[in-house]
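The values are calculated or read from the model by the stated rules, or taken from the named source; none is laboratory data. Worth saying up front: this structure is predicted, and the values here are computed from it rather than measured. Cβ placement follows ideal geometry from the backbone for every residue including glycine, while neighbour counts extend to all protein chains displayed.
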Amino acid sequence: MNSLIVCVGITRCKKNQAKYSCPECNIPYCSLDCYRSPEHRACSEGFYKSAIEEEIRSNPERSIEEKRSMLEILQRLQESDVLDGPPDSDDEGASEDGGGLESLNIETADSTALWSALSPAQREAFEKAMRDPDSSLARQLLDTITSESPHYPWWEQTKGDQPPPSPLQVPSELAETAQKGWKEDKPRLLYNIVAICLAYAWVIRTLRIYSISSAGPHDEDACRDLLARAVPFLLDRKSLTRLESAQEAVNYVQSRVGEPLDKILPDVAVLLRPLVIMELSSSSSSPMAPRTSNVTVCLGDIASLYEPKDTEQFRATLSTRQAKESSQDPKGEMANKGVVRKLIFYAAHVDTAPLEALRLISDRILSLSSRISQST
């Protein structure tokens with residue numbers, strides 16, 4: 001009966017009744033402070049490390065993201081001298097073996113490798129910050145992270161900064177077909193495009209990247225996974241999903257990502273709003289959407305995930321109907337072509353849409369964002 005045992009093992013405080021016992025060494029202890037004491041570091045350090053490893057193993061979909069976040073935290077601590085400690089033989093040995101955070105490959109390194117890259121003094125400093133979020137060490141870490149320059153997506157960059165991704169070009173014959181569809185008042189797909197833009201902005205904000213096309217290999221994999229979750233109709237070649245309103249588009253994506261997206265709606269409004277420069281239809285005085293718009297840049301950036309290296313040749317193949325699709329596609333090449341083909345179709349729909357229709361949807365998105373903000 002642990003409740004009748006006096007705490008004698010870890011800190012030897014002998015002041016309180018020991019209500020708990022360490023799962024590693026079985027010594028009784030009375031409180032969390034007693035468990036975290038320096039005398040018990042060997043067990044507590046192993047516990048925290050095991051907890052981190054178990055969390056990563058139990059959620060493989062986020063393992064790369066979590067490892068990258070952990071590596072970033074450790075690197076920031078090291079760069080800000082928070083993890084600096086007195087040199088010892090272990091530090092020197094790690095250096096001679098080519099260890100350290102800089103030599104790690106985040107794609108292959110597991111949590112054990114990340115932990116092993118730290119010297120004993122650095123591990124102790126890191127654990128101390130994790131155990132006590134109110135400590136000066138933890139506050140210094142938080143200040144280091146929050147003081148960094150924020151990540152801006154391409155649609156928030158000013159002129160002269162990094163160029164935006166390449167827009168998705170629409171073959172002329174497909175543009176003519178799409179324009180004819182607008183004249184014949186055929187069913188619209190603009191709200192499907194709203195959902196795609198929302199999913200795209202969510203991915204960019206979640207991964208804190210400038211664009212998909214400028215992301216590294218690990219972020220590209222994450223982009224594919226997140227897009228597949230947010231807008232499955234984009235990847236499903238047989239999907240008949242057709243969204244009928246801005247609210248339905250938001251609900252569709254939000255229900256699949258499992259988190260509120262109201263803060264991202266202004267991004268969607270920016271992506272959908274037509275540019276100032278416009279061109280006139282040759283057969284009508286009605287202004288049509290510009291051939292290069294934020295939406296076509298968004299769709300082009302998504303397409304870069306599913307295109308092979310030779311993008312121009314790949315798109316040229318898509319604009320013809322010569323090759324027959326194989327029933328077997330072990331590498332997913334035909335599935336990727338199907339995604340890009342669908343994106344080009346959506347781009348044609350946007351490129352030939354009346355500017356007023358796009359402007360109206362953009363305003364509705366902003367209005368929806370405002371209503372949600374006022375209700376919370």
Restricting to region 242-252, name every residue that is part of a helix (DSSP H, G or I) and touching a residue at least 40 places away in the same chain (Cβ under 8 Å). Ala246, Gln247, Glu248, Ala249, Val250, Tyr252
Restricted to region 190-210 and to residues being more than 11 Å from the chain's Cα centre (by Cα) and buried (at least 24 other Cβ atoms within 10 Å of the Cβ), the residue farthest from Val257 (Cα to Cα) is Ile193
Being assigned to a helix (DSSP H, G or I) and surrounded by fewer than 22 Cβ atoms within 10 Å (Cβ to Cβ) narrows it down to one residue among Ser214, Ser255, Ser239; which is it? Ser255
Scan region 217-236 for residues that are outside any loop (DSSP other than H, G, I, E, B) and either touching a strand residue (DSSP E or B) at 6+ places or on another chain (Cβ under 6 Å) or of a type in the set (A, V, I, L, M, F, W, C) (or both) and jot them down. Ala222, Cys223, Leu226, Leu227, Ala228, Ala230, Phe233, Leu234, Leu235
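Okay, residues lined up against (1) at pLDDT 70 or above; (2) in the same structural domain as Ala269 (by TED's automatic domain parsing); (3) assigned to a loop (DSSP other than H, G, I, E, B); (4) more than 30 Å from Cys34 (Cα to Cα):
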{"site": "Leu118", "(1), (2), (3), (4)": "yes, no, yes, no"}
{"site": "Ala125", "(1), (2), (3), (4)": "yes, no, no, no"}
{"site": "Lys128", "(1), (2), (3), (4)": "yes, no, no, no"}
{"site": "Gln140", "(1), (2), (3), (4)": "no, no, no, no"}
{"site": "Gln162", "(1), (2), (3), (4)": "yes, yes, yes, yes"}
{"site": "Gln179", "(1), (2), (3), (4)": "yes, yes, no, yes"}
{"site": "Ala199", "(1), (2), (3), (4)": "yes, yes, no, yes"}
